[in-house]
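Chemist: Please find one structure pasted underneath; my questions will follow.
Every read-out reported here was derived from the displayed coordinates using simple, explicitly stated rules and does not represent laboratory data. Quantities reported herein were computed from a predicted structural model and do not represent experimental measurements. Glycine also receives a Cβ, built like all others from the backbone with ideal geometry; neighbour counts cover every protein chain displayed.
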Amino acid sequence: MIRKKVGIMGGTFDPIHIGHLILGEAAFEQYSLDKVLFMPAGRPPFKEGRKGMASNEQRTEMVRLAIASNPHFELCLLEMNDDGMSYTYRTLERLKEENPDTDYYFIMGADSLMYFDTWMNPQRIADAAIIVVATRNHMPQESLNEKMKQLSEKFSASIRKLETPNLDISSSQIREWISQGRGIQYYVPDPEIQYIEEQQLYREI
Ligand code: ATP
Ligand code: MG
């Protein structure tokens, strides 16, 4: 039986932007994935509604709108539980248990890889998924290579590179631009921009 290959693009997505979408699509192509799950992280309700931040529901809707035009992107709400934090290792183990015929490719930017050690149970994440990492913030390739090597050795992790141009964009940058009244066209898909406007998101941060 041929094993399935599924990518996971996790994030806060506050808001989701082309950086996330391009990473997902690059992983789909470069690793011949069957599909990519976009998995917004839940935030404890007491953290919601902080000035300028979008709610769980709003972040979910933005992801839904942003990925709608791509038939191999899928929304995954496993980390969107109302009772607070969810942990990546648990989500991955649960997915694997439910889909034993699937290999998971956990996609992230180089900045996230730098903090991998500090995640909850990095060993169990490394055991459950292949990690796919894209360049970010113009990190020198030697630094990225070194980190990949260090983590591979420490956790016997399978860490692979994703070839993408450096995408100079972040959710924080977009929130800042909106609060300054600057346009965000082409950085965020049009239907999502419309939603951000309707909901009056990020006007004050
Ligand atoms: P913020 O500015 O609020 O931290 P963000 O743009 O980093 O937001 P996240 O939701 O925190 O977005 O990121 C989710 C994942 O996507 C992380 O692994 C992050 O490294 C990766 N990522 C986000 N933007 C980019 C980008 N422009 N290039 C490469 N990786 C990215
Ligand atoms: Mg970030």
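Chemist: Place a +1 charge on the Cβ of each Lys and Arg in region 1-82 and a -1 charge on the Cβ of each Asp and Glu, then give the dipole magnitude about the Cα centre in debye, rounded to the nearest 20.
Modeler: Dipole magnitude for region 1-82 comes out near 160 debye.
Chemist: When the helices in the chain are scored as -39500 (n - 2.57) per DSSP H run of 4 or longer and the sum is shared across all residues, what 222 nm value do you end up with, to the nearest 500 deg cm²/dmol?
Modeler: Taken over the chain, the calculation gives -11500 deg cm²/dmol.
Chemist: A further question follows. Find, among the GluC sites (Glu not before Pro) in region 100-169, those assigned to loop by DSSP (not H, G, I, E, B) with at most 11 other beta-carbon atoms within 10 angstrom.
Modeler: For GluC sites (Glu not before Pro) across region 100-169 that sit outside H, G, I, E and B with at most 11 neighbouring Cβ atoms in 10 Å, the list reads GLU163.
Chemist: Continuing with the same structure: Taking the mean number of other Cβ atoms within 10 Å as a proxy for protection, how do you rank 125-134, 27-36, 193-202 from highest to lowest?
Modeler: Packing proxy ranking, top to bottom: 125-134, 27-36, 193-202.
Chemist: Sticking with this one: Compute log10 of I(q)/I(0) for the chain with the Debye formula, placing one identical point scatterer on every Cα and leaving out solvent, at q = 0.18 Å⁻¹, to two decimals.
Modeler: Calculated log10 I(q)/I(0) at the listed q: -1.37.
Chemist: Continuing with this model, one more query. Along the positive direction of the dipole of region 4-199 (beta-carbon charges: Lys, Arg +1; Asp, Glu -1; about the Cα centre), which of SER143, ILE8, PHE38 reaches farthest?
Modeler: It is SER143.
Chemist: Hey, another quick one. Restricting to DSSP loop positions (anything but H, G, I, E, B) with no more than 15 other Cβ atoms inside 10 Å of their own Cβ, which trypsin sites (Lys or Arg not before Pro) remain in region 98-205?
Modeler: Within region 98-205, the qualifying trypsin sites (Lys or Arg not before Pro) (loop, at most 15 other Cβ atoms within 10 Å) are ARG182, ARG203.
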